[in-house]
Amino acid sequence: MNSDLPKVLHCIKDKTIIESVLDNVSPLCSKPVMIVGHRGDEVIKAVGDRATFVWQKEQLGTGHAVACAKETLLAQNAETIVVLPGDHPSIRTTTIKNLIESHERKEAKLTIATILLPDFMDYRESFYNFGRIIRTPEGDISGIVELKDATDDQKAIKEVNAAYYCFDADWLWQNISKLGSDNKAGEFYLTDLIAIAASQNEPINSITISDPREGLGVNTPAQLQIAEKYLG
């Protein structure tokens, strides 16, 4: 971000990114678990008692981050676990609620939110770096491929991963240790759980977010400007 601030503490219309996320989570979960890493002390100080904090000492990917929270969530007897990125300020409470309701209605092991784009133009250029949704000829989700690992044909796919997930807790903890880091980033991708579920013949449930702007993330100064323009 070319800044002295952790990215989630940058502001959009006088509210930090993480505040916007927490404001939309809190009607459904009054004190969520937040995973912090690099410069986490600053985030903890800013958030205060709005969250329970878990440290990810090594930055080994999204799957590793969720694994770090296992003991805390087991102690809370969580049966359904929602995973959201802290740098997506536009996630709405209604979408999180829809994700959970669809997950429970289908009795799914995991449910993901996807965004179907017409193109990667204008503000939608930000989504080019998102993981692509891989479907079978029958239309079932079989995996998610990160951009770094995608073929040219896969990069052309316009259905992308919003990075909003809902898991059956028992299934999640039984399978998260199966994640590997055999990819170009050398990280443990949470998205690889989709392929694991498919290999177990577990259907991957999904919802589609109708307004792509709800999936905008902030990782760069340019993306912060986009968020300020379209979400502010």
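When the residues of the stretch 161-193 are filtered to those that are among the acidic types (Asp, Glu) and not in a loop (DSSP other than H, G, I, E, B), the one that is farthest from ASN129 (Cα to Cα) is ASP170.
Is it the case that the stretch 100-108 has a residue that's touching a helix residue (DSSP H, G or I) at 6+ places or on another chain (Cβ under 7 Å) and touching a residue at least 40 places away in the same chain (Cβ under 8 Å)? Within the stretch 100-108 (the criterion being touching a helix residue (DSSP H, G or I) at 6+ places or on another chain (Cβ under 7 Å) and touching a residue at least 40 places away in the same chain (Cβ under 8 Å)), the answer is no, since none of the residues qualifies.
Out of LEU28, LEU74, I need the residue that is part of a loop (DSSP other than H, G, I, E, B) and either touching a residue at least 60 places away in the same chain (Cβ under 8 Å) or within 15 Å of the chain's Cα centre (by Cα) (or both). Which one?
Answer to the check: LEU28.
Checking GLY37, GLY48, GLY61 one by one, the residue that is on the phi > 0 side of the Ramachandran plot and either surrounded by 13 or more Cβ atoms within 10 Å (Cβ to Cβ) or in contact (Cβ under 8 Å) with a residue 40 or more places away in the chain (or both) is GLY61 and no other.
Would you please name the residue that is nearest to GLU107 (Cα to Cα), looking only at residues in the stretch 176-186 that are surrounded by 15 or more Cβ atoms within 10 Å (Cβ to Cβ) and at pLDDT 95 or above? The qualifying residue nearest to GLU107 (Cα to Cα) is ILE176. For ILE196, only one of the following conditions fails: (1) at pLDDT 95 or above; (2) assigned to a loop (DSSP other than H, G, I, E, B). What is its number? Checking ILE196 against (1) at pLDDT 95 or above; (2) assigned to a loop (DSSP other than H, G, I, E, B), the one that fails is (2). In the stretch 212-232, of all residues being in contact with a strand residue (DSSP E or B) (Cβ under 9 Å, 6 or more places away or on another chain) and either modelled with pLDDT under 90 or charged (D, E, K, R) (or both), the one that is farthest from HIS10 (Cα to Cα) corresponds to GLU214. Out of everything in the stretch 130-162 that is modelled with pLDDT of 95 or more and of a type in the set (Lys, Arg), what residue ends up being farthest from ILE112 (Cα to Cα)? Among those residues, the one meeting the criterion is LYS155. For beta carbons closer than 6 Å, sequence separation of 6+ or different chains, a first residue in the stretch 137-152 that is closer than 12 Å to TYR189 by Cα and a second that is among the hydroxyl-bearing types (Ser, Thr, Tyr) and buried (at least 16 other Cβ atoms within 10 Å of the Cβ), the qualifying pairs are ILE144/THR191. Among the residues making up the stretch 1-25, none is closer than 19 Å to VAL83 by Cβ, of a type in the set (A, V, I, L, M, F, W, C) and over 16 Å from the mean Cα position of the chain (by Cα).
If the condition is being among the charged types (D, E, K, R), surrounded by 14 or more Cβ atoms within 10 Å (Cβ to Cβ) and farther than 14 Å from ALA162 by Cα, then the stretch 126-149 contributes ARG135, ASP149.
The values are calculated or read from the model by the stated rules, or taken from the named source; none is laboratory data. Quantities reported herein were computed from a predicted structural model and do not represent experimental measurements. Counting neighbours? That spans all protein chains shown, and the Cβs are built from the backbone with ideal geometry, glycine included.
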